[in-house]
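First the structure, in the form of structure tokens, and then the observations on it.
The values are calculated or read from the model by the stated rules, or taken from the named source; none is laboratory data. Owing to the predicted nature of the structure, the values given are computational and were not obtained by experimental measurement. Please note: Cβ atoms are built from the backbone with ideal geometry, for glycine as well, and neighbour counts cover all protein chains shown.
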Amino acid sequence: MNDNAAHPLKLFNSLSRQMEELVPVHPGEARVYTCGPTVYNYPHIGNMRAYVFADLLGRTLSWKGYRLTHVINITDVGHLTDDADDGEDKLEKMAAEKAQSIWDIAKHYTEAYWQDIKALNIRQPAHWSIATDYVPAMIEYAKGIAKKHCYELESGLYFDVSTVGNYGTLARASTDDGEGRIDTVEGKRNAADFAIWRKTPLGEKRQMEWDSPWGKGAPGWHLECSVMSEALLGLPFDIHTGGIDHREIHHPNEIAQNQAHSCSDHSGAKIWMHNNFLIDRAGKISKSSREFLRLQLLIGKGIHPLAYRLMCLQAHYRSELEFAWENLIAAQTRLKRMVMGAERLAEKADGKTEIVGHPALLQLREKFDAALCEDLNSSKCLPLLEELLALKKVPAEQRLMLLSDMDTVLGLELMSLRRSELRVRPIDAKIDEADIETKLDQRQKAKSEKDFATADSIRNELTAKGVELMDGDPLRWEWRIEI
Ligand code: AMP
Ligand code: ZN
């Protein structure tokens, strides 16, 4: 039996708004689908919170001993500028603005997204499913449900949400609430009806268009996730994830399609999970926020990407998380403490492999498992890891092994990160580290000789260069460059 099977894994199901124990569709396996990015622009760090959460879920499923199949899609067609059906395709719009081909735009931003995925130590899913690869399958799927569930308008093929049972349960909305909830396209039967095929208007040519029984055009955004999740995971599968905004429109629409295609009332996934937003004082972080908060911007200011990962793990995924530079720097300090603890342990360990059998460690592992099984309570796991680092009188090898196990879930790279990588040092800072260290030595010498005037003048000189001195810092951090 798996060591970590002590507690049943309970997850909050947005569909029932309750905690539910995971009972996999296929024993021993976990099949998970995560709504991926729309690759018309760089992802912001709020978007990346959604993938840190999905990664924590995947790692927890592995910790619990499930064979994981994880799918994340890449939306390179179909997502409109607003969630109603009369906006423009986000990729078409960006391609026109930049005078580039959609394919180049999609490639560029997909690669940027994958770069962030790697930097955040998010594990590779079994499949990155690319929407445009599935357009023929989407047409077949739409053909299968068109007769019973759809109707045609001049602008496309629309799904009639009144043809399936309990539309909108996930959003706690009904067909009647649709008014005002989604702008209506002229001729829609219900306000919440949505396009599953968007026809290219007569006389126009889109960069991305396919022939279909409803004329040349492109699929609606919601269609891709139903088609790809069913194709790669089978229906029903275990868990579907996304940001909380998807709970309102995108996922209810996926559910309606799943119900239509499977001719059942089943939503298609047993558990629907949603991460809450990363916000700042002005509200939800978005691509149009005052400062476009990309992970690369953080890295440029000298923040380690795993400090952002830790900041996410410090909050429960269902809580809003406020972004502030101070919080991020505090997370980096916490990460550095952990890394130093791991370095000390590794120095003490004699390299022999041991079984983690010490009662104090077994108890910690059990508590760690319990916290994870309580709807992925990572914020409770972190102090347990810190407790482990502080435990004296337990063989270092055993502690190191448990630390490494815990880190397979948290993904903070504690076994390989070095504290020197965690100094806040903006990439463009024109300062030579060796020079700072020399100045610090000179200042130390001046202080020990009670030459406070020289010590102060060195401090002032460094402050003028943006170097903040941190006297008496127990982490031996000693200085950092202001950001
Ligand atoms: P998009 O690329 O816009 O389709 O979004 C990708 C993912 O990021 C989706 O799961 C969104 O729900 C999620 N998301 C968008 N904004 C935020 C935010 N500020 N905080 C957390 N998740 C977000
Ligand atoms: Zn989706």
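Quick rundown of the values:
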{"quantity": "Per-region count, region 429-464, residues within 25 Å of Gly302 (Cα to Cα), surrounded by 13 or more Cβ atoms within 10 Å (Cβ to Cβ) and among the small types (Gly, Ala, Ser)", "calculated": "1"}
{"quantity": "Selection from region 420-461 of residues that are over 20 Å from Arg337 (Cα atoms), in contact with a Lys or Arg (Cβ under 6 Å, 6 or more places away or on another chain) and part of a helix (DSSP H, G or I)", "calculated": "Ala455, Ile458"}
{"quantity": "Sole residue being among the basic types (Lys, Arg) and under 15 Å from the mean Cα position of the chain (by Cα), chosen from Arg344, Arg334, Arg318", "calculated": "Arg318"}
{"quantity": "Extreme residue, modelled with the highest pLDDT, among residues of region 163-174 that are surrounded by fewer than 18 Cβ atoms within 10 Å (Cβ to Cβ) and over 15 Å from Ser14 (Cβ atoms)", "calculated": "Gly165"}
{"quantity": "Count - residues of region 29-56 that are more than 16 Å from ligand 2 (Cβ to nearest atom) and in a helix (DSSP H, G or I)", "calculated": "7"}
{"quantity": "Selection count where residues are over 19 Å from the mean Cα position of the chain (by Cα) and outside any helix (DSSP H, G or I), scope region 248-269", "calculated": "8"}
{"quantity": "Residues located in region 120-136, provided they are under 12 Å from the mean Cα position of the chain (by Cα) and not polar (S, T, N, Q)", "calculated": "Leu120, Ile122, Arg123"}
{"quantity": "Residue that is nearest to ligand 1 (Cβ to nearest atom), among those in region 213-237 that are among the small types (Gly, Ala, Ser) and in a loop (DSSP other than H, G, I, E, B)", "calculated": "Gly220"}
{"quantity": "Every pair of residues 6+ apart whose Cβ atoms lie under 6 Å, when the first sits in region 231-244 and is in contact (Cβ under 8 Å) with a residue 12 or more places away in the chain while the second is within 16 Å of ligand 1 (Cβ to nearest atom) and outside any strand (DSSP E or B)", "calculated": "Thr241/Ala54; Gly242/Cys35; Gly243/Ala50; Ile244/Asn276"}
{"quantity": "Flag if Ile122 is under 23 Å from Trp210 (Cα atoms), touching a residue at least 60 places away in the same chain (Cβ under 8 Å) and either among the aliphatic types (A, V, I, L, M) or in a helix (DSSP H, G or I) (or both)", "calculated": "no"}
{"quantity": "Positions within region 270-312 being touching a Ser or Thr at 6+ places or on another chain (Cβ under 9 Å), within 22 Å of His246 (Cα to Cα) and not in a loop (DSSP other than H, G, I, E, B), in sequence order", "calculated": "Ile271, Trp272, Met273, His274, Asn275, Asp280, Gly283, Cys312"}
{"quantity": "Qualifying residue in region 352-368 (condition: under 28 Å from the mean Cα position of the chain (by Cα), under 30 Å from Asp280 (Cβ atoms) and assigned by TED's automatic domain parsing to the domain that holds Ser416)", "calculated": "no"}
